[in-house]
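Presented below is the structure to which this report refers.
The values are calculated or read from the model by the stated rules, or taken from the named source; none is laboratory data. None of the values given here were measured: they were computed from a predicted structure. Glycine gets a Cβ as well: all are built from the backbone with ideal geometry, and neighbour counts include every protein chain shown. Note: areas computed on protein heavy atoms with side chains; ligands, DNA, RNA excluded. Shrake-Rupley method; radii C 1.70, N 1.55, O 1.52, S 1.80 Å.
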Amino acid sequence: MLTLFLISIYIQDSLREYFFNQKGVELLTRANIIANIMPRYIQYSDEGIQEAVKQLEIDKSIRVIITDKEAKVLFDTAENNNLKDKVFLKEEVMKALQGNDVQNHFEEAGWVVNAAVPIIKEKETTGVIYLSASAQDIENFLNDIKKKLYGIALIVSVLIGLLSSFLAGVITAPVEELIAVIKHMADGNLNQKVEVKGNDEIAQLGIAFNKMSERLNQVEEKRRQFVSDASHELRTPLSSIKVLTESILQMQHPDMEVVQEFLSDIYNEVNRLSRIIDKLLMLTKTDVAINGLDLKDVNMRELLQRVVKSLRPLADHQRIKLKLKGSEDIFVLIDEDKIWEAIFNIVDNSIKYTSHEGTVVVSMHKSGFNVEIIVQDNGIGIAETEIQKIFDRFYRVDKARARETGGTGLGLSIALDAVRLHGGDIQVESEEGKGSRFRIIIPHRET
Ligand code: ADP
């Protein structure tokens, strides 16, 4: 609006200047014509001058004043306020008496344009021709233009206003829809999607939001599953403890031997519970550790030696040969506790799921940018259909056997989480009845 307003003021001023100049030039030309013929009449009577002005067909609206060289008015066409015989001390007249052509315009009860030229006779200024005309016609024309310009400015402003509010609506509507969906999500309704139209930034935002929502749902579903699995796993030993304790309490004359047996079962179940809880705590730790790895430069050979050393008693107890191959020092930047736990769980499994007199071999080598730790056993192996599932939380191929061996179904899940946190992976090759081979791959970051 302001720009249009300023432009219209500028246009009006320019036009006024142009038209007034035009009118001024026109008056000057007329004044000059009169000044040229006037010397012939100037010494004659009023009637003579009147005759001359008449002959020139000067418009009635133009006031003609003729003065002598003392600025005394010899002739004035004005009917009101006629200046005849008075001294006309106007600035323009004074300048004309000095030999200049002058034109001027000013506002004085309406716009007026005037021009004054000297009358020269035999190189001497003998008087002045002064013409004055109203410029009201120009003013009326300019006022008309002003009204039109303001009208156009108003229409353009309204159109711009309508267009911008329409465009603002087009842009903000999808954002508002997104905000509404996000609020809905914040209220706890996680399963939210927005409709994506087009391919602009807003559409990209919608796609990103939908992906985030999908991921959130998956995480929420996993969390629910985990809580339900964990409760189930904890309930089984608790139920056993409950039944065993009730049985003891209901005994009228308890037989110490039976009580001892029941107590030993209760003890085993309590141990199992505590193992599950330990592992659950471990899992929550890896869940929150995404940015919190305590990285250190660790000699993997020494770490493997320690794992093997702590599992040696179990292996000996099961009469399993536990071997460590490779004596090369390989330093890797890792969170020692987490990788120790991962390797421990896998070697522990190999011992648990290998029958007496079997062999478990742990070895290590560099492979490209990675370090690979291989745990190979000749135990019961895993069916091909089960291999994908063994990393799931609480999954055990043979529940009965897992109970015997004290398995919780959490060991491999913890191991995989820990290795993935380091940017690595665990791969399994196995054949039922023949044995399994676990490859723990850890990126070899140089220090
Ligand atoms: P668990 O505490 O039961 O050992 P894991 O998560 O460590 O839980 O392992 C999941 C399942 O994978 C085990 O119950 C077992 O059935 C199978 N498994 C793991 N390692 C081996 C192995 N070396 N040989 C055969 N089966 C294995």
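Would you point out the residue of the range 182-213, among those that are open to solvent by 70 Å² or more (accessible area, probe 1.4 Å) and touching a residue at least 12 places away in the same chain (Cβ under 8 Å), that is nearest to ASP392 (Cα to Cα)? Looking at the filtered set, the residue picked out is ASN191.
Across the range 230-273, the number of residues qualifying as touching a Pro at 6+ places or on another chain (Cβ under 9 Å) and of a type in the set (A, V, I, L, M) comes to 3.
Based on what the data block shows, is LYS399 open to solvent by 50 Å² or more (accessible area, probe 1.4 Å), basic (Lys, Arg) and either within 15 Å of the ligand (Cβ to nearest atom) or at pLDDT 90 or above (or both)? Against the criterion (open to solvent by 50 Å² or more (accessible area, probe 1.4 Å), basic (Lys, Arg) and either within 15 Å of the ligand (Cβ to nearest atom) or at pLDDT 90 or above (or both)), LYS399 qualifies. Taking every residue in the range 405-422 that is among the acidic types (Asp, Glu) and pairing it with any residue that is open to solvent by less than 20 Å² (accessible area, probe 1.4 Å) and more than 7 Å from the ligand (Cβ to nearest atom), at least 6 positions away or on another chain, the pairs with Cβ-Cβ distances below 8 Å are ASP417/LEU283; ASP417/THR286. Taking the range 330-357 as the range and being touching a residue at least 60 places away in the same chain (Cβ under 8 Å) and within 12 Å of the ligand (Cβ to nearest atom) as the test, the residues that pass are GLU341, ALA342, ASN345, ILE346, ASP348, ASN349, SER350, TYR353, THR354.
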